[in-house]
Every structure is written in structure tokens, then in C-alpha cells.
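The values are calculated or read from the model by the stated rules, or taken from the named source; none is laboratory data. Treat the numbers as computed from the prediction; the structure is a model and nothing was measured. As a convention, Cβ positions derive from the backbone with ideal geometry for all residues, glycine included, and neighbour counts pool all protein chains shown. In case anyone asks, the SASA skips ligands and DNA or RNA and just uses the protein heavy atoms, side chains included. Shrake-Rupley method; radii C 1.70, N 1.55, O 1.52, S 1.80 Å.
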Amino acid sequence: HSIRLEGLKYVIMCSGYEAPIPFNLRISSSSNSERRRRLLCTPSLHVYGARDKLILPEQSKAVMKHYDNPTSHEHDGGHHVPMRADSVRVYMDFI
């Protein structure tokens, strides 16, 4: 079964990375079908910078595998939350 993060309508992760998953969310089976059933189904937007040297884009992309149907936004900057109109439009469209 999919897991919904109770009380959250959505999640926006900026320069997110893969950290240890809480015990109650861990997937004991490595099969794809079991993994698919244990994905977080809370809508998620993952924002990361193409030139981020602190949290590399690959690290931010890696966490998306834990979400069902994640949305991503890569900006051309580094380790910051972009506030240009095009990025803000992405956030507003997501929300």
C-alpha cells in the first residue's frame, strides 16, 4: 500500500537528499511490486539547482524514488531557493 504523510496536503523539497527513512516507512522487500506499494503518495515537488555544490542534483533526484509520481523543478542556480518569476510559477502551479 502507498503511504500518505498525514496532515500534509503536499511536500516541497528544496535541495532535498536521501536520508535514512523512518523505520515504519522502510521497505523490507526489494521487489519492484512491493516497493511500488510502499511509495509515499503525498504530492511532492522537488526543487534543486543544476550548479548546487552542497547537495548535488543527483542527490536531490535520488530521493524522488520514494514518492509516487513526483514533480521536479531544476533551476540553473546553486544551493538556494529560486524566486524568479518562472520558478515561482512552478510553485504556484504545483500548489
Among what's in segment 42-84 and is within 14 Å of TYR17 (Cβ to Cβ) and among the acidic types (Asp, Glu), pick the residue that is farthest from the chain's Cα centre (by Cα).
ASP52
Kindly state which helices (runs of 4 or more DSSP H) lie completely within segment 16-95 and contain at least 1 residues that are open to solvent by 70 Å² or more (accessible area, probe 1.4 Å) and modelled with pLDDT of 95 or more.
57-63, 85-94
